[in-house]
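Colleague: Below you will find the structure I want to go over with you.
The values are calculated or read from the model by the stated rules, or taken from the named source; none is laboratory data. If you're wondering where the values come from, they're calculated on a predicted model, not measured in any experiment. Cβ placement follows ideal geometry from the backbone for every residue including glycine, while neighbour counts extend to all protein chains displayed.
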Amino acid sequence: MSAESLILFFIVGAFLVGIAILFSSYIPPKSTNPQKSETYECGIPTEGITWLQFNVGYYLFAIVFLVFDVETVFIFPWARVMKTAGTKGFVEIIIFFFVLGAGLLYAWKKGALKWE
Amino acid sequence: MLVMRHELLLVIITVILLLVEIFLPKDQKHKIILPAILLFTIVTILGFLPGITGELFGGMYVSTALTMTMKNILNIGTLIVFIQSVSWLKKEENKEKISEFYLLLLSTLIGMDYMISSGDFMMFYLGLELATIPIATLAAFERYREKSAEAGVKLIFTSALSSGILLYGISMIYGTTGSVYFTDVKAAFEATPLQILAFIFFFAGMAFKIAIVPFHLWIADVYEGAPINVTSYLSVISKGAAVFILMIILYTVFAKIAIIWRDVLYVTSIITMTVGNLFAIRQRNIKRFLAFSSIAQAGFILLGLIGQSQLGMTTVIYFVLIYIFSNLAAFGVAGIIANVTGKETIDDYDGFYRTNPLLSLTMMLALFSLAGIPPVAGFFGKFFLFAAAAQKGFYILVFIAVLNTIISLYYYLLVIKAMFLNTSDQPIGYFRSDNYTRIGLLLCVAGILVIGFASPVYEFILNLSYGLY
Amino acid sequence: MFEGIPLTWFLILATVMFFIGIYGFLVRKNLITILMSLELVLNSVNINFVAFNKLLYPQHLEGMFFTMFVVAVAAAEASVAIAIIINIYRRLTNIDVERVDEMKY
């Protein structure tokens with residue numbers, strides 16, 4: 001796909017979406033009442049403010065997840081060439097897993113995985 | 001495998017300490033201090049055994065006699081930091097985090113070793129990050145103190161931004177030369193405008209790490225806020241490692257644009273010395289004072305780099321070795337005072353000689369060595385630096401450096417005057433420092449006194465420096 | 001997929017992203033937003049590396065590997081930064097950078 005067709009795609013896409021939005025704002029009958037702009041939650045009135053802060057515990061989980069999640073980036077290339085890499089590659093990835101496991105064990109032992 | 005001896009040993013003891021930390025019951029955490037120090041002493045001694053030089057991972061890792069010496073120097077400095085920090089770690093509030101201190105410190109040391117031995121920009125970047133990120137957590141180590149958290153956040157943000165800038169430079173180098181390996185980059189380097197721009201980005205990133213003047217603003221706050229033992233590590237070991245790798249990269253990869261980086265170093269060296277010295281005069285907090293003094297010392301180190309000769313290289317390594325001992329002695333005394341009494345300003349030191357003569361004498365030796373007064377090692381370090389620059393004809397630069405030495409003498413003597421001549425109504429009372437602190441300070445004092453007179457040390461480094469050219 | 005798009009466009013994109021990141025780092029007041037600006041800087045470098053590798057030097061994969069390591073290191077950096085920010089929040093109940101000013105020149 002060349003750059004020209006990409007630009008054409010964008011223009012056509014923007015045109016179609018714009019037409020749809022214009023249609024939906026001009027065609028249907030309009031009625032407004034205050035109930036319509038209320039926050040919807042299971043059909044009953046909402047409780048408290050919706051801009052509440054997240055519990056700090058989410059952040060702790062996010063940190064642990066962030067670190068271990070990104071490590072996949074190193075495992076994937078190894079999995080791709082596992083057969084040609086042979087025993088040496090296998091031993092190296094085992095060491096990698098061992099270090100990761102030690103880190104997880106440490107986080108577990110320190111109570112980072114416990115919800116407070 | 002034996003080529004990577006330093007790093008492998010450090011990795012092994014780090015894993016051992018991590019496993020011990022995981023399986024040790026909570027009320028016995030303090031028992032890890034002595035084994036950790038002994039293990040690290042063994043590693044330091046093993047590092048001095050004659051090693052095998054060579055390359056690993058297809059040239060990503062290069063070990064020469066020179067890099068091994070650099071790693072040994074860093075090991076010695078870290079050992080002293082280990083010993084000095086015992087009295088701080090034994091405090092009640094740190095009791096649960098003792099092994100974390102060792103683990104994080106050892107991780108940074110592994111990072112520095114890989115950084116020094118790197119043969120391509122990827123290994124260099126990984127080592128650099130491994131050497132910086134754990135230090136931010138160490139700076140924020142005292143969770144109950146606001147200042148400590150502030151130091152941590154300032155350190156992590158500035159260092160992350162600086163590594164971003166540095167990476168942008170590396171990406172341009174990769175784009176213009178087609179490789180990230182030092183040897184290939186050196187061969188393909190043509191000094192095109194884009195490559196010079198890449199060098200500027202790279203140098204700006206490194207200048208953040210060494211705290212060269214336009215990029216020094218984080219340093220005083222981080223030094224003041226971080227725990228004093230972490231500050232001493234940050235000011236000598238981190239800075240030393242960054243100087244070593246900057247020297248290697250300037251002399252090998254950027255050898256073709258020496259004319260350009262010589263000018264850059266010329267200007268930054270003068271600004272760094274002058275600003276560091278002038279700001280140091282008005283500091284009242286001993287940690288901020290030592291922070292600006294370390295900025296000034298970085299300016300002097302650049303003086304040695306500028307020569308681009310075997311002599312310049314030797315003097316830089318020699319100067320860093322002396323600087324490690326002198327600065328660790330100064331921080332050691334300031335640290336024990338802060339730990340025992342909680343006092344950190346220079347005014348608190350009035351009349352310190354009356355109550356604690358030995359500690360005052362140690363501090364005096366350290367400050368004399370930092371200032372460069374003849375009988376101690378610091379004089380020889382500075383003298384050789386000036387000689388290296390003068391040999392290449394930078395007479396004006398050497399003249400400015402000498403003027404700066406005189407300014408620095410003034411403020412170092414201010415501290416000594418406070419300790420020896422000033423009297424105070426409430427001097428710091430007499431206290432006995434524990435044995436670990438004494439051993440640490442004794443090592444520093446021995447280093448300051450011996451290295452200046454032991455010419456074999458200097459000649460040893462001089463012989464090694466042939467390797468790189 | 002990339003045929004026909006000149007290298008310059010990638011480089012312009014990366015440069016714009018880099019400087020938006022720097023601008024955000026200098027101007028923003030919220031520590032989390034500053035962290036996001038930093039990620040922008042690092043990702044602009046990643047675009048540079050991948051574009052150079054794909055369009056100029058496709059025979060080796062050095063640029064791609066460099067990108068992978070940058071991504072992993074950025075994650076480590078972000079997690080340490082977030083941990084310290086949480087600590088600051090617990091101390092100050094605020095993560096406005098103007099409030100983190102106990103030490104100044």
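Colleague: Can you find a residue in region C:25-34 that is surrounded by 19 or more Cβ atoms within 10 Å (Cβ to Cβ), in contact with a Phe, Trp or Tyr (Cβ under 7 Å, 6 or more places away or on another chain) and closer than 30 Å to A:ALA112 by Cβ?
Modeller: Restricting attention to region C:25-34, the residues satisfying the condition of being surrounded by 19 or more Cβ atoms within 10 Å (Cβ to Cβ) are C:25, C:31, C:34.
Those left that are additionally in contact with a Phe, Trp or Tyr (Cβ under 7 Å, 6 or more places away or on another chain): C:34.
Checking the rest, the ones that are also closer than 30 Å to A:ALA112 by Cβ come to C:34.
Taking every residue of region C:25-34 in turn, at least one turns out to be surrounded by 19 or more Cβ atoms within 10 Å (Cβ to Cβ), in contact with a Phe, Trp or Tyr (Cβ under 7 Å, 6 or more places away or on another chain) and closer than 30 Å to A:ALA112 by Cβ.
Colleague: Let me ask something else about it. Looking only at region B:347-356, decide whether some residue is more than 17 Å from B:LEU414 (Cα to Cα), modelled with pLDDT under 90 and not in a helix (DSSP H, G or I).
Modeller: Within region B:347-356 (the criterion being more than 17 Å from B:LEU414 (Cα to Cα), modelled with pLDDT under 90 and not in a helix (DSSP H, G or I)), the answer is yes, since at least one residue qualifies.
Colleague: With respect to B:VAL230, is the statement that it is crowded, with 23+ Cβ neighbours inside 10 Å and more than 22 Å from the chain's Cα centre (by Cα) true?
Modeller: Taking the combined requirement at face value, the residue does not satisfy it.
Colleague: Pairs, please: C-beta under 7 Å, at least 6 apart or cross-chain, first residue under 12 Å from B:LEU167 (Cβ atoms) and more than 9 Å from chain A (Cβ to nearest Cβ) and in region C:55-75, second among the hydrophobic types (A, V, I, L, M, F, W, C) and in a loop (DSSP other than H, G, I, E, B)?
Modeller: Close Cβ pairs (under 7 Å, with a partner that is among the hydrophobic types (A, V, I, L, M, F, W, C) and in a loop (DSSP other than H, G, I, E, B)) amount to C:PHE66/B:VAL180.
Colleague: Restricting region B:148-194 to residues that are buried (at least 19 other Cβ atoms within 10 Å of the Cβ) and of a type in the set (D, E, K, R), which is modelled with the highest pLDDT?
Modeller: Here the answer is B:LYS154.
Colleague: If you take just the helices (runs of 4 or more DSSP H) that sit entirely in region B:357-432, which of them hold at least 2 residues that are touching an Asp or Glu at 6+ places or on another chain (Cβ under 9 Å)?
Modeller: Those helices (runs of 4 or more DSSP H) span B:395-420.
Colleague: Can you tell me which residues in region B:130-143 are more than 7 Å from chain C (Cβ to nearest Cβ) and modelled with pLDDT of 90 or more? Don't jump to the end; show me each part of the working.
Modeller: Going through region B:130-143, the residues more than 7 Å from chain C (Cβ to nearest Cβ) turn out to be B:130-132, B:134-135, B:138-139, B:141-142.
Hits for region B:130-143 are B:LEU130, B:ALA131, B:THR132, B:PRO134, B:ILE135, B:LEU138, B:ALA139.
Colleague: On to the next question. Do we find that B:THR67 is modelled with pLDDT of 85 or more and closer than 30 Å to B:VAL333 by Cα in this structure? Steps first, please.
Modeller: Numbers: modelled with pLDDT of 85 or more: yes; closer than 30 Å to B:VAL333 by Cα: no.
Here the answer is no, as B:THR67 does not meet what is asked.
Colleague: So, in region B:48-74, exactly how many residues are assigned to a helix (DSSP H, G or I) and over 30 Å from C:PHE65 (Cβ atoms)?
Modeller: The first filter runs over region B:48-74 and keeps only residues assigned to a helix (DSSP H, G or I), leaving B:57-59, B:65-74.
The next check asks that each one be over 30 Å from C:PHE65 (Cβ atoms); those that pass are B:69, B:72-73.
Residues meeting the conditions: 3.
Colleague: Can you tell me which residue among C:VAL50, C:VAL45, C:VAL41, C:VAL16 is surrounded by fewer than 16 Cβ atoms within 10 Å (Cβ to Cβ) and out of contact with any strand residue (DSSP E or B) (no Cβ under 9 Å at 6 or more places or on another chain)? Reasoning before the result, please.
Modeller: Working: C:VAL50 fails: surrounded by fewer than 16 Cβ atoms within 10 Å (Cβ to Cβ); C:VAL45 fails: surrounded by fewer than 16 Cβ atoms within 10 Å (Cβ to Cβ); C:VAL41 fails: surrounded by fewer than 16 Cβ atoms within 10 Å (Cβ to Cβ).
Only one candidate passes the filter, namely C:VAL16.
Colleague: Separate question: Mind telling me which of the residues B:VAL275, B:VAL236, B:VAL264 ends up being under 25 Å from B:ILE170 (Cα atoms) and of a type in the set (Val, Ile, Thr)?
Modeller: On the way: B:VAL275 fails: under 25 Å from B:ILE170 (Cα atoms); B:VAL236 fails: under 25 Å from B:ILE170 (Cα atoms).
Being under 25 Å from B:ILE170 (Cα atoms) and of a type in the set (Val, Ile, Thr) holds for just one of B:VAL275, B:VAL236, B:VAL264, which is B:VAL264.
Colleague: For region B:16-55, give me each residue that is of a type outside the set (Phe, Trp, Tyr) and over 27 Å from the mean Cα position of the chain (by Cα).
Modeller: Within region B:16-55, the first condition is being of a type outside the set (Phe, Trp, Tyr), and the residues that meet it are B:16-22, B:24-39, B:41-47, B:49-55.
Across region B:16-55, the qualifying residues are B:LEU19, B:VAL20, B:GLU21, B:ILE22, B:LEU24, B:PRO25, B:LYS26, B:ASP27, B:GLN28, B:LYS29, B:HIS30, B:LYS31.
Colleague: Return a yes/no flag: does region B:428-437 have any residue that is over 30 Å from B:ARG284 (Cβ atoms) and either surrounded by 19 or more Cβ atoms within 10 Å (Cβ to Cβ) or in contact with a Lys or Arg (Cβ under 6 Å, 6 or more places away or on another chain) (or both).
Modeller: So in region B:428-437, the residues over 30 Å from B:ARG284 (Cβ atoms) come out as B:435.
Then drop every residue that is not either surrounded by 19 or more Cβ atoms within 10 Å (Cβ to Cβ) or in contact with a Lys or Arg (Cβ under 6 Å, 6 or more places away or on another chain) (or both), which leaves none.
No, that holds for no residue.
Colleague: Based on this model, can you work out whether C:GLU98 counts as over 20 Å from B:ALA204 (Cβ atoms), more than 9 Å from chain B (Cβ to nearest Cβ) and charged (D, E, K, R)? If you could, list the steps in order and put the result at the bottom.
Modeller: On the way: over 20 Å from B:ALA204 (Cβ atoms): yes; more than 9 Å from chain B (Cβ to nearest Cβ): yes; charged (D, E, K, R): yes.
When the stated conditions are applied, C:GLU98 passes them.
Colleague: Considering only region B:144-189, how many residues are under 18 Å from B:ILE248 (Cα atoms), aromatic (Phe, Trp, Tyr) and at the interface with chain C (Cβ under 9 Å from one of its Cβ atoms)?
Modeller: Of the residues in that region, 1 qualify.
Colleague: Check whether at least one residue in region B:252-264 is surrounded by fewer than 21 Cβ atoms within 10 Å (Cβ to Cβ), out of contact with any strand residue (DSSP E or B) (no Cβ under 8 Å at 6 or more places or on another chain), under 24 Å from B:TYR411 (Cβ atoms) and not acidic (Asp, Glu), and report yes or no.
Modeller: No, that holds for no residue.
Colleague: Scan region B:138-157 and report the pairs whose first residue is assigned to a helix (DSSP H, G or I) and whose second residue is at pLDDT 90 or above and of a type in the set (Ser, Thr, Tyr), with Cβ atoms within less than 7 Å and a gap of 6+ or a chain change.
Modeller: That search, which allows pairs on different chains as well, returns B:GLY152/B:THR137.
Colleague: Looking at the structure I just gave you, is B:LEU290 part of a helix (DSSP H, G or I) and without any contact (Cβ under 8 Å) to a residue 60 or more places away in the chain?
Modeller: When the stated conditions are applied, B:LEU290 does not pass them.
Colleague: For region B:387-401, does any single residue satisfy the condition of being of a type in the set (Val, Ile, Thr) and touching a residue at least 24 places away in the same chain (Cβ under 8 Å)? If you could, list the steps in order and put the result at the bottom.
Modeller: We begin by selecting, within region B:387-401, every residue of a type in the set (Val, Ile, Thr); these are B:396, B:398, B:400.
Still in the running and touching a residue at least 24 places away in the same chain (Cβ under 8 Å): B:398, B:400.
Taking every residue of region B:387-401 in turn, at least one turns out to be of a type in the set (Val, Ile, Thr) and touching a residue at least 24 places away in the same chain (Cβ under 8 Å).
Colleague: Within region C:81-98, count every residue that is part of a helix (DSSP H, G or I) and either small (Gly, Ala, Ser) or touching a residue at least 12 places away in the same chain (Cβ under 8 Å) (or both).
Modeller: Filtering region C:81-98 for residues part of a helix (DSSP H, G or I) gives C:81-92, C:97-98.
From what's left, either small (Gly, Ala, Ser) or touching a residue at least 12 places away in the same chain (Cβ under 8 Å) (or both): C:81-83, C:85, C:88, C:97-98.
Count: 7.
Colleague: Which ones in region A:77-88 are farther than 17 Å from C:VAL73 by Cβ and either assigned to a helix (DSSP H, G or I) or outside the structural domain of A:ALA112 (by TED's automatic domain parsing) (or both)?
Modeller: Here is the first cut: in region A:77-88, the residues farther than 17 Å from C:VAL73 by Cβ are A:78-88.
Listed by number, the residues that qualify are A:TRP78, A:ALA79, A:ARG80, A:MET82, A:LYS83, A:THR84, A:ALA85, A:GLY86, A:THR87, A:LYS88.
Colleague: Determine if region B:116-129 includes at least one residue that is within 10 Å of chain C (Cβ to nearest Cβ), polar (S, T, N, Q), closer than 28 Å to B:MET68 by Cβ and in contact with a helix residue (DSSP H, G or I) (Cβ under 6 Å, 6 or more places away or on another chain). Let's see the steps before the verdict.
Modeller: At the first step, the residues of region B:116-129 found to be within 10 Å of chain C (Cβ to nearest Cβ) are B:120-123, B:125-126, B:128-129.
Now drop any that are not polar (S, T, N, Q), which leaves none.
No, the conditions are met nowhere in region B:116-129.
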